[in-house]
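*Asks:* Below: one structure in structure tokens.
The values are calculated or read from the model by the stated rules, or taken from the named source; none is laboratory data. Keep in mind that this is a model prediction, so the values were computed, not measured. Backbone-built Cβ (ideal geometry, glycine too); neighbour counts: all protein chains shown. Just so you know, the surface numbers come from the protein's heavy atoms only, side chains and all, with ligands and any DNA or RNA stripped out. Shrake-Rupley method; radii C 1.70, N 1.55, O 1.52, S 1.80 Å.
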Amino acid sequence: MSAKEKNAQALKALFRSDALVNRLLDTRIAIVTPDDRVPASSQLLATVLADTLARIWPNIDFYGASATENHQKALQAATSGGSPQEGLRIQWQPPYNCVVAIGCNAPSAEQEHIRVAANGWIAHFGQDSMGSEDPNPVGPAFAAALAAAQVFETIFRNELADSNPVEIRSMIFDLNEICGTEALRVEPLDLGNTTVFGTGAVTHGLVWLLENWPHAIVGNLNLVDQDRYGQSNGQRYAFMTEADVGKLKVDAIKARLTAAHPDLIAQAHGKDLNNYCHERGYVEPLGRVIAGLDSAESRRHAALKLPESSINMWTAGVRIGAGRYITDGKGACMGCEYLEDISSVQDEVAVLAQQTGIQAVRVRDLLDSSRGLFLDETQQLALKLNVSPQSLVGEPLRSVLPRLCATGNIQLPNSHETVDVPFAFASLLAGVAGFMMLLKDLQSHKNPSEGWTQHIFKLPSVHMHELRHRKERCSCCAELYASPALFSI
């Protein structure tokens, strides 16, 4: 069996689509860094880009002064999800379908390329984009996510035509402006009393920024999630490794964060948020909550715990977002964003039962527990995700559901099927937005509730940022108004 046939076999096991596998195998990408010295911001950008792209694309060449380091990151990302590694190489052999050049031009003048760089809070596309020695990881992560989205737009441009994707070749994006921020400070951070509910793909983007923050981080951080890594997580989880498979997600994240910031007191809790809060007790109010949860129902449960402030991150197809909610009795709380649909004749369990084909009584059990899916429960769901039923056995439903969100459904030419393609860059974008909201909460707590949304194939804009106002029907706010003492915090 040839190397290409082996790669096709491995990709078919992951994506269950001959049409998509053929497109991936026929696509060649290159990541280029400068020939001599690679500035700090450019290396951060290259690291994130290599990790993000290698989680789906099997043929990537690396060229430039940091090619070896970037190649290693790509190998690590590919193996975490069971993707083939043979097509990840250190070389420059055009032509390519897409080239991303980081703070430099492609070696061959005739090879069209996307030139991108970052500096502090800024992502810069265009011929004059240059890296710097600024160690701030936020701009590089944002630039890498946008560049990865542009690779996807370039390769699947015809298939994405209905969503009117925008080609970004020359533009400057200032995250402080986009997220409605007065200049945030790159300084030591005190997380105070912070609890993370849900450590899925969007949380991993935020965690990488915490891990690479260039100053000390202290405080008390509680990580709450009952799920373990499965190999299928490898297509979407930033910097997940093969060694993580089978581990509790909270244990792996705790190890990463405490290694980077030894003075941070991090605790891992392998349980769902309701059991965690029940065992913790409700006498002492929750301080700050970061929600990287996978359903509206889970977010309502988090909002009902009445934290002092909330950071929420989400993905939904081609849209991502993050919000920040302050418990002050004026602006929205997180529950205001996820009101119960009282006009609906079905609750979320019934809706998920229809979407997954699993009996409603089993859906409720799966949502309320950490047990994995049984083989007979995976049949219909596997068809929707274009995977084998066996690949879902043992995975909690909450781990499987996000794949219905951070994916693109694409009709490929000369094929009667539509295929789901994972958007690792979408989860990363949401994680970056969530990190910006976290910094605002740490550095300017009095600001009102707010949110930012983004179409992943369009230009990021300040117009996507807006204040969030309280909804009269919100049961969480009704509880808050019944307890005015909470507003004295």
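*Asks:* Would you pick out the residues in segment 1-39 that are modelled with pLDDT under 80, open to solvent by 80 Å² or more (accessible area, probe 1.4 Å) and in a helix (DSSP H, G or I)?
*Replies:* 4, 5, 6, 9, 18
*Asks:* Within segment 246-350, which strands (runs of 3 or more DSSP E) (wholly inside it) include 3 or more residues that are among the polar types (S, T, N, Q) and either under 20 Å from the mean Cα position of the chain (by Cα) or under 30 Å from residue 165 (Cα atoms) (or both)?
*Replies:* Here the list reads 309-316.
*Asks:* Which pairs do you get when a residue that is under 20 Å from residue 79 (Cα atoms), found in segment 245-261, comes within reach of a residue that is part of a helix (DSSP H, G or I) and open to solvent by 30 Å² or more (accessible area, probe 1.4 Å), reach meaning Cβ atoms under 6 angstrom, with the pair 6+ apart or on two chains?
*Replies:* 245/231; 256/211
*Asks:* Looking only at segment 357-389, how many residues end up being outside any loop (DSSP other than H, G, I, E, B) and at pLDDT 80 or above?
*Replies:* Looking only at that region, the number is 10.
*Asks:* Can you pull out the residues in segment 449-467 that are more than 21 Å from the chain's Cα centre (by Cα), open to solvent by 40 Å² or more (accessible area, probe 1.4 Å) and not acidic (Asp, Glu)?
*Replies:* 463, 467
*Asks:* Please go through segment 277-332 and pick out each residue that is open to solvent by 40 Å² or more (accessible area, probe 1.4 Å) and within 15 Å of residue 452 (Cβ to Cβ).
*Replies:* 314, 316, 319
*Asks:* Tally time: how many residues in segment 40-54 are surrounded by 23 or more Cβ atoms within 10 Å (Cβ to Cβ) and either polar (S, T, N, Q) or assigned to a loop (DSSP other than H, G, I, E, B) (or both)?
*Replies:* 5
*Asks:* Return the residue satisfying two criteria in turn: it lies in segment 67-90 and is part of a loop (DSSP other than H, G, I, E, B) and open to solvent by 80 Å² or more (accessible area, probe 1.4 Å), and of such residues it is nearest to residue 241 (Cα to Cα).
*Replies:* Here the residue is 85.
*Asks:* Then there's this: Kindly indicate which of 10, 54, 65 is free of Cβ contacts under 8 Å to residues at least 60 places away in the same chain and in contact with a Ser or Thr (Cβ under 7 Å, 6 or more places away or on another chain).
*Replies:* 65
*Asks:* Moving on. Does residue 264 qualify as being more than 18 Å from residue 434 (Cα to Cα) and free of Cβ contacts under 8 Å to residues at least 40 places away in the same chain?
*Replies:* No, not satisfied.
*Asks:* Looking at segment 468-487, which of the residues that are hydrophobic (A, V, I, L, M, F, W, C) and modelled with pLDDT under 75 is surrounded by the most Cβ atoms within 10 Å (Cβ to Cβ)?
*Replies:* 480
*Asks:* While we're looking at this one, here's another question. What is the residue count in segment 227-276 for residues that are of a type outside the set (D, E, K, R), under 17 Å from residue 195 (Cα atoms) and open to solvent by 50 Å² or more (accessible area, probe 1.4 Å)?
*Replies:* The qualifying residues number 5.
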